[in-house]
Every structure is written in C-alpha cells, then in structure tokens.
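Asks: My questions will all concern the structure given below.
The values are calculated or read from the model by the stated rules, or taken from the named source; none is laboratory data. Predicted model only: the values in this text are computed from it and were never measured. Using ideal geometry, Cβ is built from the backbone for each residue, glycine included, and neighbour counts are taken over all protein chains shown. Accessible surface is based on the protein model in full, side chains and every heavy atom, while ligands, DNA and RNA are left aside. Shrake-Rupley method; radii C 1.70, N 1.55, O 1.52, S 1.80 Å.
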Amino acid sequence: MDNLKRGVELINKLANIDSIATDVDGTITANRDGYFIPSEVIECIREIRKYNIMLIFVSANAFPVLYGLARYIGAKAIVSENGCIIASLNEHGREMNIYEICGRGYRELVSKIVSEMGDFLKESWQNDYRKYDFALIQKDNRVSHIELIQKIKKIVIKNGYDSKVNVNYSGYAFHITPKEGGKSVGLKKISEILGIELKNTLGIGDSYMDLEFIQLTGVKVAVRNADEDLKRNVDIITDEESGYGFAQICETIIDAKKLKLQSL
Ligand SMILES: O=C(O)COP(=O)(O)O
C-alpha cells in the first residue's frame, strides 16, 4: 500500500513538472562513454516544448559546447563549466544573457598537474574554450580514476590550492573546479533569474557529481547505469540506460500531464 501511495504521489508530481534540469554526458547520450544522442531524446525534447516545459542543461562541459547544443536541440538555459558560467537563451536561441559565477580559474595549477602526471593525464581540447573549470582526460586506463583523483589532490594540496578548488571525476574527465562553482550553485542562480520553482523541476543525471543539483529538485532521477552513490539518493531510477532512460522519464512526464488534463 505504501508503494502504491508513493507511486500516485510521484505521478502527481510528474504531472506538475514545468522544467527538467539534466546533465549532458552519460545522461542524454546513448551510454556513459560516448557522445551520440539517441533520436528518442531529441523527439521527447521537442514534445515537452508543447507543454511549456523548460529544459536546462546542467553540465561540466565548456560553455560553447552547451550553447551550441542548447541552440540546436532547444534548451532554455545552460549551467556550464560545473556552475561557473550560466546563461539563459531566448525563444529561438539567438540571444542570451550570460552570468559568470566564479571569480577566477586556475590554469597554472592544471599545467602543474599535467607536468607531474603527463603519463596518465592530458588536457581536454575544451580547455582552450574554458575560463574557470578545467578538464583533464585519462590517458591510461590501467590506473583507476580513484587512484588518479588521489594523486591530483596531493598536487593540489602541495601547491596550496586546496582552499581554492574541488577535484571531481565525471566519468568523462577530471575537473578542477573553483570552490565558488558547482552544479547546484549554477542551477540555483539560473532558477532565480528565470523564476523557476525547483520543487516543480525534475533533476536527472548519471554521475555522483550530479547529486548536488539533483538534491535541489522536486523529482530526483538517476539513469539505470548511474553511479551507485547517485542511485541511492533519488526517487526514481529509470529502466533504461543513459539517454534511453532520459527519454523514458521524459515520455512519462508527458503521459502524467495527459492523464491530469483528462481528469480535469
Ligand atoms: O564534461 C564532462 O566531463 C562531463 O559533462 P557532464 O557534466 O555533462 O556529464
């Protein structure tokens, strides 16, 4: 009975969703190590526009990558560089307002890390287009990312940057993010700017790094192949993986809205 009650409550919440805050890599892509976006994702994103549901990308990606994506597939706002640069787009994606949240980036620290760990890590091509949050790509898969994070953190401490940056792994890259950033900071700010009610927002992701912004949202979702740390803290785990899971919950929101309309 408790499960039934919970199910009905969730359907009601889904029927009232007016925005979706989604991670990008691993969440709207077909899997957790590629960049292909399934057509099911694009189709559902088109469909939710008819219901005035706003789409917000909340990602570690560089600003130009997210801006291009938002413009072509139709998102209203972006939280990029792990919350350091946020923006809202107008109806056709032609104009936007950009807000820079972080004070400065630590490029010199990234160079130090690469000079000490060059056998294991290389700078992401995106770093040329980044201002605050920098990404490092793993070169050698024989060493676990947990071990690499520990090594990076030692270099951060040794150089006196531990009060300035956080180090995380997204599944795609290691990120050196200024402490004043973070996906939750970015989502909070853009919601205030756009007047978005986070209790009517669905948050979805694949990585433990997404938990901080998903925790702010009314309906918390992890895709089936997400990190266990995220799955333990959500309301819904999709049946399908990555983008196919995104499409599934997106279609369920539409179904819940249709049910609500029928019952009026
Ligand atoms: O750029 C990355 O490392 C991953 O980006 P994401 O936050 O969209 O998963």
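Asks: Tell me yes or no: at least one residue of the range 55-78 is more than 14 Å from Leu187 (Cα to Cα), of a type in the set (Phe, Trp, Tyr), open to solvent by less than 60 Å² (accessible area, probe 1.4 Å) and within 14 Å of the ligand (Cβ to nearest atom).
Replies: There is at least one residue in the range 55-78 that is more than 14 Å from Leu187 (Cα to Cα), of a type in the set (Phe, Trp, Tyr), open to solvent by less than 60 Å² (accessible area, probe 1.4 Å) and within 14 Å of the ligand (Cβ to nearest atom).
Asks: Against the condition surrounded by fewer than 17 Cβ atoms within 10 Å (Cβ to Cβ) and either of a type in the set (Val, Ile, Thr) or assigned by TED's automatic domain parsing to the domain that holds Lys188 (or both), how does Ile146 come out, does it pass?
Replies: Working: surrounded by fewer than 17 Cβ atoms within 10 Å (Cβ to Cβ): yes; either of a type in the set (Val, Ile, Thr) or assigned by TED's automatic domain parsing to the domain that holds Lys188 (or both): yes.
Spelling it out, Ile146 is indeed surrounded by fewer than 17 Cβ atoms within 10 Å (Cβ to Cβ) and either of a type in the set (Val, Ile, Thr) or assigned by TED's automatic domain parsing to the domain that holds Lys188 (or both).
Asks: Those residues that are over 28 Å from Ile28 (Cα atoms) and among the aromatic types (Phe, Trp, Tyr), I need them from the range 121-175; list them, please.
Replies: Tyr161
Asks: Can you tell me which residues in the range 128-148 are farther than 13 Å from Thr177 by Cβ and either of a type outside the set (D, E, K, R) or in contact (Cβ under 8 Å) with a residue 12 or more places away in the chain (or both)?
Replies: First pass over the range 128-148, keeping only residues farther than 13 Å from Thr177 by Cβ: 128-129, 137-148.
Result: Tyr129, Ile137, Gln138, Lys139, Asp140, Asn141, Val143, Ser144, His145, Ile146, Leu148.
Asks: OK, next. Of all residues in the range 198-225, which are open to solvent by less than 10 Å² (accessible area, probe 1.4 Å) and within 16 Å of the ligand (Cβ to nearest atom)?
Replies: Gly203, Ile204, Gly205, Asp206, Ser207, Asp210, Phe213, Ile214, Thr217, Val221, Ala222, Val223
Asks: So, one more: Can you spot a residue in the range 131-138 that is of a type outside the set (A, V, I, L, M, F, W, C), in contact with a Cys (Cβ under 9 Å, 6 or more places away or on another chain), more than 19 Å from Ser207 (Cα to Cα) and open to solvent by 10 Å² or more (accessible area, probe 1.4 Å)? Give the derivation first.
Replies: Filtering the range 131-138 down to residues of a type outside the set (A, V, I, L, M, F, W, C) leaves 131-133, 138.
Filter again for in contact with a Cys (Cβ under 9 Å, 6 or more places away or on another chain), leaving 131-133.
If we keep only those that are more than 19 Å from Ser207 (Cα to Cα) too, we end up with 131-132.
If we keep only those that are open to solvent by 10 Å² or more (accessible area, probe 1.4 Å) as well, we get 131-132.
So far as the range 131-138 goes, yes, one or more of its residues are of a type outside the set (A, V, I, L, M, F, W, C), in contact with a Cys (Cβ under 9 Å, 6 or more places away or on another chain), more than 19 Å from Ser207 (Cα to Cα) and open to solvent by 10 Å² or more (accessible area, probe 1.4 Å).
Asks: Looking only at the range 1-54, which residues are open to solvent by 20 Å² or more (accessible area, probe 1.4 Å) and among the hydroxyl-bearing types (Ser, Thr, Tyr)?
Replies: Answer for the range 1-54, where residues must be open to solvent by 20 Å² or more (accessible area, probe 1.4 Å) and among the hydroxyl-bearing types (Ser, Thr, Tyr): Tyr35, Ser39, Tyr51.
Asks: Right, next: Anything in the range 131-163 that is within 20 Å of Glu108 (Cβ to Cβ) and more than 16 Å from the ligand (Cβ to nearest atom)? List them, or say none.
Replies: Lys151, Lys153, Lys154, Ile155, Val156, Ile157, Lys158, Asn159, Gly160, Tyr161, Asp162, Ser163 - these are the residues of the range 131-163 that are within 20 Å of Glu108 (Cβ to Cβ) and more than 16 Å from the ligand (Cβ to nearest atom).
Asks: Would you check if there is a residue in the range 168-187 being part of a helix (DSSP H, G or I), over 25 Å from Tyr99 (Cα atoms) and open to solvent by 20 Å² or more (accessible area, probe 1.4 Å)?
Replies: If we filter the range 168-187 for residues that are part of a helix (DSSP H, G or I), which is where we start, we get 183-187.
The next check asks that each one be over 25 Å from Tyr99 (Cα atoms); those that pass are none.
No, every residue in the range 168-187 fails to be part of a helix (DSSP H, G or I), over 25 Å from Tyr99 (Cα atoms) and open to solvent by 20 Å² or more (accessible area, probe 1.4 Å).
Asks: Do any helices (runs of 4 or more DSSP H) entirely within the range 3-117 hold 2 or more residues that are touching a Ser or Thr at 6+ places or on another chain (Cβ under 9 Å), at pLDDT 95 or above and under 23 Å from Gly181 (Cα atoms), and if so, which?
Replies: Numbers: elements: 39-49, 63-73, 107-117.
Here the list reads 63-73.
Asks: Taking the stated definitions as given, is Asp119 acidic (Asp, Glu), within 15 Å of the ligand (Cβ to nearest atom) and either within 20 Å of Ala173 (Cα to Cα) or surrounded by fewer than 19 Cβ atoms within 10 Å (Cβ to Cβ) (or both)? Break it down into steps so the answer makes sense when it comes.
Replies: Details: acidic (Asp, Glu): yes; within 15 Å of the ligand (Cβ to nearest atom): no; either within 20 Å of Ala173 (Cα to Cα) or surrounded by fewer than 19 Cβ atoms within 10 Å (Cβ to Cβ) (or both): yes.
Criteria not met by Asp119.
Asks: Restricting to the range 1-48, and then to whatever is polar (S, T, N, Q) and within 19 Å of Asn61 (Cα to Cα), can you tell me which residue is farthest from the chain's Cα centre (by Cα)?
Replies: Of the residues in the range 1-48, the ones polar (S, T, N, Q) are 3, 12, 16, 19, 22, 27, 29, 31, 39.
Imposing the further condition that a residue be within 19 Å of Asn61 (Cα to Cα) reduces the set to 22, 27, 29, 31.
Values: Thr22: 5, Thr27: 8, Thr29: 12, Asn31: 15 Å.
Ranking the candidates gives Asn31 first.
Asks: Just wondering, is there one or more residues in the range 159-167 that are open to solvent by 80 Å² or more (accessible area, probe 1.4 Å) and either touching a His at 6+ places or on another chain (Cβ under 9 Å) or outside any loop (DSSP other than H, G, I, E, B) (or both)?
Replies: Taking every residue of the range 159-167 in turn, none turns out to be open to solvent by 80 Å² or more (accessible area, probe 1.4 Å) and either touching a His at 6+ places or on another chain (Cβ under 9 Å) or outside any loop (DSSP other than H, G, I, E, B) (or both).
Asks: Tell me, which residue of the range 164-197 that is free of Cβ contacts under 8 Å to residues at least 60 places away in the same chain and among the aliphatic types (A, V, I, L, M) is nearest to the ligand (Cβ to nearest atom)?
Replies: Val167
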